[in-house]
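The numbers here are math on the coordinates, done by the rules we state, and not lab data. Since the structure is predicted, the reported quantities are computational estimates derived from the model, not experimental observations. Glycine also receives a Cβ, built like all others from the backbone with ideal geometry; neighbour counts cover every protein chain displayed.
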Amino acid sequence: MSDDLSFGAKLDNWRSTPYSKWAFHHVREIVPTADIENKSGLVNDLNLDVQRFEDLNLEQVMEETETDAIVIAQNNSILFEKYNNGMSEKSPHILFSVSKSILGLIVGALIENKTLKESDLIIKFIPELKMTAYSDATVRDLLDMRVGVKFDEDYTATTGPIINYRYAANWNPVPAGVEAGDLKSFMGSLTERDGIHNDRFHYVSPNTDLLAWVCERASGIRYSDLISELLWTPLGAESSGYITVDRLGGMRAAGGVCFTTRDLARVGLMIGNYGYVNNKQIIPDFWIDDVIKNGSDSAWEKRIGMDEFGNMPMHYRSFWYVQKNGDPLIHGLGIHGQYLFIDPKLNLSVAWFSSDNDATGSPYISRVMKTIKSIRNKLKYV
């Protein structure tokens, strides 16, 4: 069935069922991409210590939540690994907005090496945006999605700025007579404010693409190469990844990164170990600690959207969500059911890819969260 879908998947349907079952792990056959290279001689091998988790019925959960792949890893060992819909351990799957969390790590590394400061104004590096809503926004404002820019992240919309954003990203076919644009020119069109900066949480994907552009300007290095140099190679990734690009090569840092499930789990293990891999610091430990401890409760309480989390005690910091009911649970979250969960106390990482037809993932998110809670509870008492 998966092979049959390859003949029908194209730019106007690749994010819809049934075509997404194939397209989400064959993205570069639909959208142009740039490589995120690993070094094959520097792979950080994971041990196989497979546990069945029979009492958690994970295979059934995967079927019922349209899940494509799960890898559960702890202390450098894979405890559970399962693939559906033609995927394997070699298949790069799109992260969607877990891509934002990857950028958060890159920014931490650039702050550590003095390339960036949290207080830097965006226009220090991109003066072209001085007449936009970003004119007085800082790196930290973007990291925490606390920018007062007018933009409605409505995944069900059929018109408006979010559709123009998809055209600019090269993710949707452009109708005749409509100018496609590109990501950088699209960001220049965001001139209206809807509040002050550094106030409430307001989820705006273009903030992430803009911050990746800042990273490129500040470092003089293309974003895909920054990921390779600062994260992917020192992490010991098993496979190269890739990221989607627009018509001019601009990178979709907000949602276009594609990694294998095992390699995403490696990212989680590194975070759970406070930035270390094999006793080598990859991402600064102060940055991981800051993610866990320093998000704004008031910004989250005043948030726009993310209603699926209800009153759960949480914050958002450097493109990561942190649940605070009990031992902290760090996670990245992407539409159509993409997740990376990290429990630092257990040094537990769960990489979870899906092809849920609902862009928000809301039909299944509570089931996923309950399953993660069950996995954590099981491993606490092993």
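Okay, here's what the table says:
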{"quantity": "Residue-wise HN-Hα coupling along the range 81-92, computed from phi with Karplus coefficients 6.51, -1.76, 1.60 (Hz; x: Gly, Pro)", "calculated": "8, 8, 10, 10, 6, x, 7, 8, 5, 9, 8, x"}
{"quantity": "Surrounding net charge for Arg52, when Lys and Arg each add one and Asp and Glu each subtract one, Cβ distance under 13 Å", "calculated": "-3"}
{"quantity": "Net charge contributed by nearby residues that have their C-beta within less than 13 Å of Gly326 (K/R +1, D/E -1)", "calculated": "+3"}
{"quantity": "Spin-label pair Asp49/Asn278, simplified geometry with 7 Å Cα→Cβ offset, distance in nm", "calculated": "1.9"}
{"quantity": "Dimensions (Å) - the range 25-86, Cα atoms, principal axes, largest first", "calculated": "41, 30, 14"}
{"quantity": "Cβ-defined net charge surrounding Tyr203, 15 Å radius [Lys, Arg +1; Asp, Glu -1]", "calculated": "-4"}
{"quantity": "Candidate lysines - alpha carbon under 17 Å from Lys345, same-chain residues fewer than 8 apart omitted", "calculated": "Lys293, Lys324, Lys373, Lys378, Lys380"}
{"quantity": "Of every Cα-Cα pair in the chain, the percent that sits beyond 26 Å", "calculated": "48"}
{"quantity": "Cα centroid of the range 226-249 to Cα centroid of the range 87-109, whole Å", "calculated": "9"}
{"quantity": "Those lysines that a straight Cα-Cα span of less than 17 Å connects to Lys90, excepting residues fewer than 8 apart in one chain", "calculated": "Lys21, Lys39, Lys82"}
{"quantity": "Dipole of the chain [Lys/Arg +1, Asp/Glu -1 at C-beta], most positive-end residue of Ala168, Val31, His315", "calculated": "His315"}
